[in-house]
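The values are calculated or read from the model by the stated rules, or taken from the named source; none is laboratory data. Given the structure is predicted, the values throughout are model-derived calculations rather than measurements. Methodologically, a virtual Cβ is constructed for each residue, glycine included, from the backbone with ideal geometry; neighbour enumeration extends over all protein chains shown.
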């Protein structure tokens, strides 16, 4: 398939700029792959689609406030610093804007708390910066960093985002973007799901900007995903494998969970305990070996996320559903409505 197969038009008015007042109030489009039918439901109706013996797999990554504003030494020019990942102690891969003005050897001051020296260049506006500071680095970042909202949310981060751009499953710090399908859940809904005999199992994938990096080639076989760190614990693999052996269904909450599970699946259709880096790129056609049901949001045109969803649901069926979602004014992207594919 080609990049152009995954393009569609969406009015800017349908891009959600804020979350719903309360978690779980979003709409949910339900797609049945067997019957090729589409239902318009609310997210709270997810209880109708889970049953005893299912295993719901969630991503426990935690978003940190990765966006900083620095002042360039000598010129006092303002520079945006977007933390991507720590390469080693105090050495970070970052994105900077405007990149053309930030060179190796430059020092960037972030208030009175941090000083970063640019020590190397990477691709696409990237730099490697070594930070010096007083105190605990994470505490400083939590205090002065801004929530890294995606660029299609055309506003500055607000207090509400510190809570709502974080799922109730978040535990392990390291993501620069939220696994958005999980944002719909609140603790009350989680308890109801567990009370129906559904096992909830966490895995980890630290969402990086590579998930959202635009595909720049028409031939999808030439696109390379950035690597993202993942972990599947012995407890998680045991619970998932037990569900598979007992004939239960695996419900993936979001594309990040799907990528983890498909990264660690074995030849006999089970999950192995593992940690490492994955650059797995899933697009049609693809033979899914683990996931039976997926909850996701509506994704950007021509994105790797949309391609994964099309691989799971069928490209023509998914694109038909997206056109319906536009007509019926569903809300799109991170703070938008949900889609359940079964």
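List of remarks:
- Residue in region 279-297 that is more than 23 Å from residue 266 (Cα to Cα) and free of Cβ contacts under 8 Å to residues at least 60 places away in the same chain present: no
- Of the residues making up region 265-279, those that are surrounded by 12 or more Cβ atoms within 10 Å (Cβ to Cβ) and closer than 18 Å to residue 249 by Cβ are 265, 270, 271.
- Test: residue in region 248-259 that is surrounded by fewer than 17 Cβ atoms within 10 Å (Cβ to Cβ), in a loop (DSSP other than H, G, I, E, B) and more than 15 Å from the chain's Cα centre (by Cα): no
- Among (1) surrounded by fewer than 21 Cβ atoms within 10 Å (Cβ to Cβ); (2) more than 25 Å from residue 215 (Cβ to Cβ), the one test that residue 286 misses: (2)
- Reported count of residues in region 151-168, each being surrounded by fewer than 21 Cβ atoms within 10 Å (Cβ to Cβ) and either closer than 19 Å to residue 57 by Cβ or under 10 Å from the mean Cα position of the chain (by Cα) (or both), is 2.
- Residues that are in a helix (DSSP H, G or I), within 24 Å of residue 165 (Cα to Cα) and modelled with pLDDT of 95 or more within region 184-234 comprise 184, 187, 188, 189, 190, 191, 192, 193, 194, listed in sequence order.
- Subset of region 99-114 [surrounded by 17 or more Cβ atoms within 10 Å (Cβ to Cβ) and out of contact with any helix residue (DSSP H, G or I) (no Cβ under 7 Å at 6 or more places or on another chain)]: 102, 106, 108
- Residue 34, sole failed condition from (1) under 30 Å from residue 292 (Cβ atoms); (2) surrounded by 19 or more Cβ atoms within 10 Å (Cβ to Cβ): (2)
- Scan of region 20-48 for residues that are in contact with a strand residue (DSSP E or B) (Cβ under 9 Å, 6 or more places away or on another chain) and either part of a loop (DSSP other than H, G, I, E, B) or closer than 22 Å to residue 161 by Cβ (or both), ordered by number: 24, 25, 26, 27, 33, 43
- Looking across region 58-76, the residues that are over 22 Å from residue 166 (Cβ atoms) and surrounded by 13 or more Cβ atoms within 10 Å (Cβ to Cβ) come down to 70, 71, 72, 73.
- Annotation note: of 96, 79, 119, the sole residue that is crowded, with 17+ Cβ neighbours inside 10 Å and closer than 29 Å to residue 230 by Cβ is 96.
- Here residue 122 passes the criteria (1) under 26 Å from residue 303 (Cβ atoms); (2) without any contact (Cβ under 8 Å) to a residue 24 or more places away in the chain except the one numbered (2).
- Any hit, region 15-30, residues being touching a residue at least 40 places away in the same chain (Cβ under 8 Å), over 22 Å from residue 155 (Cα atoms) and not assigned by TED's automatic domain parsing to the domain that holds residue 261: no
- All conditions in (1) assigned by TED's automatic domain parsing to the domain that holds residue 185; (2) within 30 Å of residue 120 (Cβ to Cβ) hold for residue 79, with the sole exception of (1).
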